[in-house]
Ligand SMILES: C[S@@+](CC[C@H](N)C(=O)[O-])C[C@H]1O[C@@H](n2cnc3c(N)ncnc32)[C@H](O)[C@@H]1O
């Protein structure tokens, strides 16, 4: 099989097939969070690090006014083309989630599946929360999902998915190459095997995520005026099953409310 060294984010069609097929639980959970935790009706929503907009399109179809930003122009282009195809404004734009300002404030923001961990430094993480606090209306919420680095043994070190649509099949594998807690970097290896009737090739990628303990996350929240942590969930995405953080906690979804 041919091997291409590249970034999955530069192949939005394959990204969207793999991650886009897994939208239902997150989507339902987001709607339930808007209902339960926002202290205002949620109409306008923003996604920093929106990628292909797999959740944005579903929210647009449900009648929300959505927008998003991403560093990757290919992902933004893919997202906008799909929004336009279904008759919605091309509301994704290229930008940095640590440095943005929205002209119109929003009622909710969300950032799922470790996207936040792409921010490389404490300064960038802090700047991100300040941008979020700035763009939320009072009573609005931020839903933030990521993997913490547990104090006990890391349980989740490899994940595999497979997704198919028409003639296209993508099999993916993600694994943790190693964690440097001093530098606060976790290296992630990825392969995506792409099969079409005429081609078969592998994309090999590596990315870095910043590591976080629950205390390090709490310190960021404490340093962000106007954002208050109101609840924690996990990747089961069940609104009736909030979690208590302990030494084993890995996947977590924070609900932050703008005061
Ligand atoms: C794991 S993908 C998630 C995409 C989308 N949020 C989703 O749930 O499918 C992470 C995305 O974050 C984007 N990204 C990484 N660093 C970023 C930054 N500093 N500002 C904006 N986007 C960023 C990447 O380009 C990529 O599209």
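Read-outs: derived from the displayed coordinates by stated rules, not from any lab. These figures come from a predicted structure and were not determined experimentally. So basically every Cβ, Gly included, is an ideal-geometry build from the backbone, and we count neighbours across all protein chains shown.
You can think of it this way: the chain between residue 222 and residue 101 has 41.4 nm of extra reach, that is 0.36 nm per residue less the Cα-Cα gap.
A straight chain from residue 160 to residue 259 at 0.36 nm per residue would run longer than the Cα-Cα distance by 31.7 nm. Sorted largest first, the spans of the alpha carbon positions of the stretch 151-210 along the three principal axes are 46, 18, 12 Å.
Across the stretch 151-210, the mean sequence separation of Cα contacts (distance under 8 Å, 6 or more residues apart), normalised by length, yields a relative contact order of 26 percent. Site pair residue 250 and residue 1 shows an inter-label distance of 2.3 nm when each label is modelled 7 Å from Cα along Cα→Cβ. Here the spin labels are modelled as points 7 Å beyond Cα on the Cα-Cβ line, and at residue 22 and residue 177 they lie 2.1 nm apart. With R₀ fixed at 30 Å, the C-beta to C-beta distance from residue 40 to residue 86 puts the FRET efficiency at about 0.65. Gap in Å between the Cα centre of the stretch 154-200 and the Cα centre of the stretch 48-106? Centre-to-centre (Cα) distance: 24 Å.
Over the chain, DSSP H runs of length four or greater, each weighted -39,500 (n - 2.57), average out per residue to a 222 nm ellipticity of -8000 deg cm²/dmol.
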